[in-house]
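Encoded as structure tokens, the structure appears first; notes follow it.
The values are calculated or read from the model by the stated rules, or taken from the named source; none is laboratory data. None of the values given here were measured: they were computed from a predicted structure. Glycine also receives a Cβ, built like all others from the backbone with ideal geometry; neighbour counts cover every protein chain displayed.
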């Protein structure tokens, strides 16, 4: 698709966001799409001194990019899909989900390499409620310490001895060429990732046929279906990206799609962690029903008590 008019793609200013956008741009250019990159500042990046929930919570890393799209300052925006609210913004559409990187969380240890090997009282850096609750389920004797900032900043604090370990998204480390820092990959059923973690999204204006056609060239059908199932589950549970909800959908070699979901809760008095897990599958060649799969898994979680658990967690967060 060569028109002489570059497709203006917006990205956050962080190194990880620019690296992810660069990955998308390389693939678009390989399909003949001319691209220009625009850096857009977001409140989430500018306010690294306070918890995300205090800045605005859900969508804090995407709002300014969406505004630039709506105003016509850019033609497409690249997001980490896990940061996007499940409700679509009027006038915009999620046009492309490229191939997914590793969806799981990762431990980056300074001495001990695995969660099980951390000493009692170890300081583990993470600000995610979902990660904190699951960390406490495995190691109730360690201390979760709030941590924000870009990946390089977090790793410097670890190396300086401020923390004994960090929990980060494996995909971010891998995309930055820092996969060798991962000492323990944290996977289900013990540790559930955030919904759509490891996946990117390219968002365009709903009526922009040119941008829609351009980015469709790098859409990855299996990843798109998996992310759709996960996000549908999250939406049905009325959970935002900060809620203690995990999800992982994967396609098998025969074309089937399986979605697992997990809702977490912790007793503030005893520290005991509760979890509800549900899983359902689609038969081969039924990816068009991915959203319905997410709704079914959500229904099973609700039937098992998820609404009450999430209600208690929301009250504590507020």
Residue hits (region 13-28; farther than 20 Å from residue 64 by Cβ and surrounded by 20 or more Cβ atoms within 10 Å (Cβ to Cβ)) are 28
Residues of region 129-150 being touching a residue at least 60 places away in the same chain (Cβ under 8 Å) and in contact with a helix residue (DSSP H, G or I) (Cβ under 9 Å, 6 or more places away or on another chain), in sequence order, are 129, 133, 148, 149, 150
- Query: Does residue 149 meet the test of being surrounded by fewer than 22 Cβ atoms within 10 Å (Cβ to Cβ) and modelled with pLDDT of 95 or more?
  - Reply: no
By residue number, the members of region 190-208 that are closer than 24 Å to residue 250 by Cβ, at pLDDT 95 or above and part of a loop (DSSP other than H, G, I, E, B) are 191, 192, 193, 194, 195, 196, 197, 198, 199
Is it true that some residue in region 285-294 is out of contact with any strand residue (DSSP E or B) (no Cβ under 7 Å at 6 or more places or on another chain), modelled with pLDDT under 95 and under 17 Å from residue 257 (Cβ atoms)? yes
Within region 27-36, restricting to residues that are out of contact with any strand residue (DSSP E or B) (no Cβ under 9 Å at 6 or more places or on another chain) and part of a helix (DSSP H, G or I), the one that is nearest to residue 97 (Cα to Cα) is 27
By residue number, the members of region 37-61 that are at pLDDT below 75, surrounded by fewer than 20 Cβ atoms within 10 Å (Cβ to Cβ) and either touching a strand residue (DSSP E or B) at 6+ places or on another chain (Cβ under 8 Å) or part of a helix (DSSP H, G or I) (or both) are 43, 45, 46, 53, 54, 55
Residue set 105, 117; condition at pLDDT 95 or above, surrounded by fewer than 21 Cβ atoms within 10 Å (Cβ to Cβ) and touching a strand residue (DSSP E or B) at 6+ places or on another chain (Cβ under 9 Å); output residue 117
Practice item. Using the structure shown, decide if residue 213 is touching a residue at least 60 places away in the same chain (Cβ under 8 Å), surrounded by fewer than 17 Cβ atoms within 10 Å (Cβ to Cβ) and either assigned to a helix (DSSP H, G or I) or not assigned by TED's automatic domain parsing to the domain that holds residue 80 (or both). Key: yes
